[in-house]
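Participant: First, the structure itself, so that you have it in front of you.
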Amino acid sequence: MNTSQKELVKATVPVLKASGNDLITYFYQRMLTNNPELKDIFNMANQASGKQQNALTGAVLAYAENIDDPTVLINTLKAIGNKHVSLNIAAEQYDIVGNHLINSIIEVLGAAATPELIEAWTCAYNELAQIMISIEADMYQKNSLKKGGWKGWRSFVIYKIVAESDEINSFYLKPEDNQEIADYFPGQYISVSTFIPELGHKQPRQYSLSSNSNNEYYRISVKKEMGQKTPDGIVSNALHDKKEGDLLDVSAPAGLFYADPEAKNPLVLVSGGVGLTPMMSMVETNKNALQRNQTVWIHSCRNENVHAFKDTIEELNNEKTWLTSFVFYETLPETETNAIEGRIDLQQIKEEILIKDAKYYICGPAVFIKVQYQSLVSLGVSRENILYEEFGPQLLSLN
């Protein structure tokens with residue numbers, strides 16, 4: 001891109017801030033109408049809620065604001081690349097997206113979409129697409145070369161289903177071909193795709209791996225969204241209707257939210273609801289590691305009945321000196337419990353969680369993450385030592 005084109009792109013920032021979401025909403029409607037096959041890839045629940053539109057609007061705005069040096073967005077682009085690879089996004093699909101995005105700009109802006117502006121945005125999009133294609137090509141290659149790794153979708157069998165709470169089931173998945181599977185870092189996720197009869201097409205979802213890495217199976221632990229059949233919760237309901245022996249399409253493990261099993265830093269884990277799943281992987285991995293990093297796990301949920309892995313964590317907490325756990329219930333049980341009533345209050349346990357050289361991991365709903373992140377910062381924890389994973393499209397930008 002030349003200097004004048006970059007200035008034209010930057011000049012659209014006020015328009016994107018004022019009405020970018022309208023443009024992106026129009027873009028998605030145009031693309032999914034003309035290319036309905038992409039409904040197998042895009043999360044239609046996030047489309048219905050507007051989360052996907054908000055996420056893309058924010059990404060386009062950030063790119064326009066940093067058009068002089070897009071490399072400052074590299075961590076964000078890598079996170080998006082991980083998600084794309086988990087969905088088996090192909091390089092040629094960037095042409096489809098680009099075509100609909102540029103035509104949406106023309107159709108929405110009308111006379112304001114001058115030939116010079118369209119040329120500038122076409123160049124800008126093509127440069128971004130090449131950056132993403134390069135990032136993803138590297139990831140695909142690493143996945144393919146990895147022992148037990150693969151590219152794209154692979155058929156897995158649900159060989160065991162275990163109820164972990166009143167609303168969370170664990171699904172143990174083995175490859176249908178009985179070949180090796182790729183290892184992963186504790187905290188990473190896989191994508192699962194299955195046909196949804198109510199929609200008439202497949203739907204993918206990302207689920208954190210909830211066990212330590214092994215060469216036999218993957219475990220995901222899925223919350224059934226009660227009373228939500230369409231569109232939000234439709235895949236979790238479909239999974240909870242599955243039986244042992246059913247097949248699912250699965251992508252290779254991905255994600256940047258993980259604890260390095262070779263690092264010796266203490267871990268402080270803060271989870272809300274089903275956000276405990278990646279933390280479970282971290283704890284199981286730590287249990288099997290030689291160094292047994294000091295770990296403090298703070299978990300919050302509505303009540304005892306929806307607390308997944310409750311007995312497992314209590315047993316570890318009682319037996320292992322490296323683990324300390326705190327549980328917060330909004331409603332305490334009538335029987336004796338060590339749980340604390342209410343929602344997580346990190347100030348209340350600050351002496352236990354302010355540990356030298358610790359890494360802090362937060363997972364749960366967006367509001368939960370924001371509250372806990374701000375609490376850690378107010379306690380003096382460095383932002384660079386706080387990692388978080390938001391379920392669904394990335395809308396938070398806290399670091």
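The values are calculated or read from the model by the stated rules, or taken from the named source; none is laboratory data. Please read all numbers here as calculations on a predicted model, not as lab measurements. Note that we place each Cβ from the backbone using ideal geometry, even for glycine, and neighbour counts take in every protein chain shown.
Participant: Among the residues of the stretch 345-373, what is the count of those that are part of a helix (DSSP H, G or I) and over 20 Å from the mean Cα position of the chain (by Cα)?
Facilitator: Here the count works out to 8.
Participant: Only one of Val274, Val268 is under 21 Å from Asp166 (Cβ atoms) and in contact with a strand residue (DSSP E or B) (Cβ under 9 Å, 6 or more places away or on another chain). Can you tell me which? Write out each step before concluding.
Facilitator: On the way: Val268 fails: under 21 Å from Asp166 (Cβ atoms).
Residue meeting the stated conditions: Val274.
Participant: Have a look at Val157, Val60, Val85, Val72 and point out the one that is of a type in the set (Val, Ile, Thr), out of contact with any helix residue (DSSP H, G or I) (no Cβ under 8 Å at 6 or more places or on another chain) and closer than 22 Å to Glu389 by Cα. Let's see the steps before the verdict.
Facilitator: Values: Val157 fails: closer than 22 Å to Glu389 by Cα; Val60 fails: out of contact with any helix residue (DSSP H, G or I) (no Cβ under 8 Å at 6 or more places or on another chain); Val85 fails: out of contact with any helix residue (DSSP H, G or I) (no Cβ under 8 Å at 6 or more places or on another chain).
That would be Val72, the only listed residue that is of a type in the set (Val, Ile, Thr), out of contact with any helix residue (DSSP H, G or I) (no Cβ under 8 Å at 6 or more places or on another chain) and closer than 22 Å to Glu389 by Cα.
Participant: Taking the stretch 272-282, which residues are of a type in the set (Gly, Ala, Ser) and crowded, with 24+ Cβ neighbours inside 10 Å? Full working, then the answer.
Facilitator: So the first thing to find is which residues in the stretch 272-282 are of a type in the set (Gly, Ala, Ser), and the list is 272-273, 275, 281.
The answer is Gly275, Ser281.
Participant: From the residues in the stretch 1-22 that are at pLDDT 90 or above and of a type in the set (D, E, K, R), which one is nearest to the chain's Cα centre (by Cα)?
Facilitator: Across the stretch 1-22, the extreme among qualifying residues is Asp22.
Participant: Would you point out the residue of the stretch 138-173, among those that are at pLDDT below 95 and aliphatic (A, V, I, L, M), that is surrounded by the most Cβ atoms within 10 Å (Cβ to Cβ)?
Facilitator: Among those that are at pLDDT below 95 and aliphatic (A, V, I, L, M), it is Met139.
Participant: Moving to a separate point now. Can you name the residue in the stretch 138-156 that is farther than 14 Å from Ala254 by Cβ and of a type in the set (A, V, I, L, M, F, W, C) and is also nearest to the chain's Cα centre (by Cα) among such residues?
Facilitator: Filtering the stretch 138-156 down to residues farther than 14 Å from Ala254 by Cβ leaves 145, 147-148, 155-156.
Checking the rest, the ones that are also of a type in the set (A, V, I, L, M, F, W, C) come to 145, 156.
On the way: Leu145: 24, Phe156: 21 Å.
Step by step, filter the stretch 138-156, then rank; the result is Phe156.
Participant: Next up: From the residues in the stretch 39-83 that are part of a loop (DSSP other than H, G, I, E, B) and without any contact (Cβ under 8 Å) to a residue 24 or more places away in the chain, which one is nearest to the chain's Cα centre (by Cα)? Steps first, answer last, please.
Facilitator: Quick first cut of the stretch 39-83, residues part of a loop (DSSP other than H, G, I, E, B) only: 41-43, 50, 66-69.
If we keep only those that are without any contact (Cβ under 8 Å) to a residue 24 or more places away in the chain too, we end up with 42, 66, 69.
Working: Phe42: 14, Asn66: 24, Asp69: 26 Å.
Only one residue tops the list, namely Phe42.
Participant: For the stretch 84-101, how many residues meet the condition of being free of Cβ contacts under 8 Å to residues at least 40 places away in the same chain, part of a helix (DSSP H, G or I) and closer than 29 Å to Leu209 by Cα?
Facilitator: Qualifying residue count, the stretch 84-101: 1.
Participant: Could I ask something else about it? Among the residues of the stretch 1-38, how many are in a loop (DSSP other than H, G, I, E, B) and closer than 27 Å to Asn88 by Cβ?
Facilitator: Keep residues of the stretch 1-38 that are in a loop (DSSP other than H, G, I, E, B), which gives 1-2, 12, 35.
From the residues that got through so far, the ones that are closer than 27 Å to Asn88 by Cβ too are 35.
Number satisfying all stated conditions: 1.
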